[in-house]
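A short write-up of the structure that comes next.
Throughout, read-outs are computed from the coordinates displayed, never taken from laboratory work. All of these numbers come straight from a predicted model, not from anything done at the bench.
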Amino acid sequence: MTIDRAVLMFAGFVTLAGITLAYLLNPWWILLSVLAGLNMIQAAFTGFCPAAILFKRLGLKPGSAFR
């Protein structure tokens, strides 16, 4: 698995977790999904993604978006 795919998988998981928690527990959990979306937008413009840095340190192979 490359860093790019791991970041996409993690972002999808965080988004779905936020929606699920908002539905089951408290509507304020929707902010988790909002933060994940905002992070994806800023990463598209800047190339900086904290999750990509973490996955790189864990030894995943670089992809074309995050090196």
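Which percent of the Cα-Cα distances in the range 3-57 go past 12 Å? Distances greater than 12 Å cover 64 percent of the Cα pairs. Listed by number, the DSSP H helices of the chain that run 27 Å or longer by alpha-carbon position along their axis and have mean Kyte hydropathy of at least 1.6 are 3-24.
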